[in-house]
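Throughout, read-outs are computed from the coordinates displayed, never taken from laboratory work. The structure displayed is predicted, hence computed values, not measured ones. Cβ: placed from backbone, ideal geometry, glycine included. Neighbour counts: every protein chain shown.
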Amino acid sequence: MSNIVAIVGRPNVGKSTLFNRLLERREAIVDSTAGVTRDRHYGKSDWNGVDFTVIDTGGYDVNNDDVFQGEISKQVQLAVDEATSIIFMVNVEEGLTDTDYEIHEMLRRSNKPVYIVVNKVDSSKEELAATEFYQLGIEKYYTISSATGSGTGEILDDVVKDF
Ligand code: GDP
Ligand code: MG
């Protein structure tokens, strides 16, 4: 079984943007897409010669945190069950939300490596704002811009070390 990285997080944080960017790294994107389901997209990627499967979770992309108990928690649990490593994405634009705390709590109970990624850090001015995520009680987070790709190399360097 290959290595699987799942991207989880509440709606609109930028999961699909990162997913698409990771797949862009390969030429045979379309052919190597393992499958598409209604609420989860699978694709192949690689970093430094290490192949892995990426899962984009979603299907709950409505602007309503009340969906947590339903779709988001279901998707997070599936990701925990299925993935080798988990990218938990939050975003600096909207900041830390109750749903972020709830997802983080679920992930902490898993025994999987979890990488917390603060997205939409498009320039250095957002780096300072990102420090609010230390309130999750974490020691480390990664800042990235899925839109420009900055920071994605650092996270992938660490993720592939688990494999
Ligand atoms: P998802 O719901 O978590 O899959 O989020 P999407 O990938 O669909 O992105 C939600 C919105 O955020 C879209 O309008 C994206 O263009 C935007 N977005 C994603 N990544 C970034 C980023 O790094 N910076 C900025 N400024 N916008 C982003
Ligand atoms: Mg999406």
How much length, in nm to one decimal, is gained on full extension between residue 110 and residue 12, taken as 0.36 nm per residue of separation minus their Cα-Cα distance? 32.9 nm
Would you list which lysines come within 28 Å of residue 125, measuring only between C-alpha atoms, while excluding same-chain residues fewer than 8 positions from it? 15, 140
Rounded FRET efficiency, nearest 0.05, which uses the C-beta distance separating residue 150 from residue 129 and R0 of 25 Å: 0.95
Only residues of segment 81-124 count here: report those whose backbone N is under 14 Å from the spot 7 Å along Cα→Cβ of residue 20, or say none. none
